[in-house]
Every structure is written in structure tokens, then in C-alpha cells.
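J.: Would you mind keeping the following structure in view while I ask a few things?
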Amino acid sequence: MEKKNELINGMCGVFDYIQKQETKIKDLKKTIEQLELKFNLLERDYNNLKEENEKLKEEDVIPPLSNVICVLCSRECENEYGNNAQPLVEGRCCDVCNEKKVIPMRVLQIRC
Ligand SMILES: [Zn+2]
């Protein structure tokens, strides 16, 4: 008789355990569903951003550096304004000529 009771108690324990595990599985399934929803939303956002990025790349036209030609070396100036080539010559010059020719000339003029 006692053995039978022990067996019944043991079985009840097993059923309890199975029920608890089933509850856990249900909770996990809910969590997975929520994560899948979140993932779908994030994937949609990602695709939208990717599309926008592609559009931006297409629209991205590289503007010309400058249309100003150096009066001293005939190269295109580094920026759209160039530098004042006075007192060497009249007009605009590039950064290189400004540094190597125009500025030394100004320094000389100040010294003389
Ligand atoms: Zn130059």
C-alpha cells in the first residue's frame, strides 16, 4: 500500500514538472513571437535606410574643385577663390604658387 502511495506521489511530481515545462515553453514561444515582430520592424527600417542610402549615392555628384586657373602655373586652384597673386602679377594664383612665389615676393617688398 505504501509503495503504491509513493508511486502516485512520484507520478504527481512528474506531471507537475511537465506542466511547469509546458508553461515555460509557452512563455518562450511568446517571447520568440515578440522578437520576430521586432526583427521584422528592424528589417523594414534597415531596408528603408539602405534604399535611402542608395538614392543619396546616386544623387551625390562630385562638384568640380575649382574653375579658377592659376595665373602663374596655369593649374586649377585648390579652392574656388584662389589667392591674390599681387604684387607679382595681377589675378589669382594657386596655393603652391602663393606659398613659393607670391608670399616670398611680399616679404622682399616689406624688407626693401
Ligand atoms: Zn600656381
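The values are calculated or read from the model by the stated rules, or taken from the named source; none is laboratory data. Worth saying up front: this structure is predicted, and the values here are computed from it rather than measured. When we count neighbours, we look across all protein chains shown, and the Cβ atoms used for this are built from the backbone with ideal geometry, even at glycine.
J.: Could you please give the count of residues in the stretch 59-84 that are at pLDDT 85 or above and of a type in the set (Asp, Glu)?
T.: Final tally of qualifying residues: 2.
J.: Next up: Could you check how many residues of the stretch 75-100 are farther than 27 Å from Ile110 by Cα and within 8 Å of the ligand (Cβ to nearest atom)?
T.: Residues that pass the stated criteria total 1.
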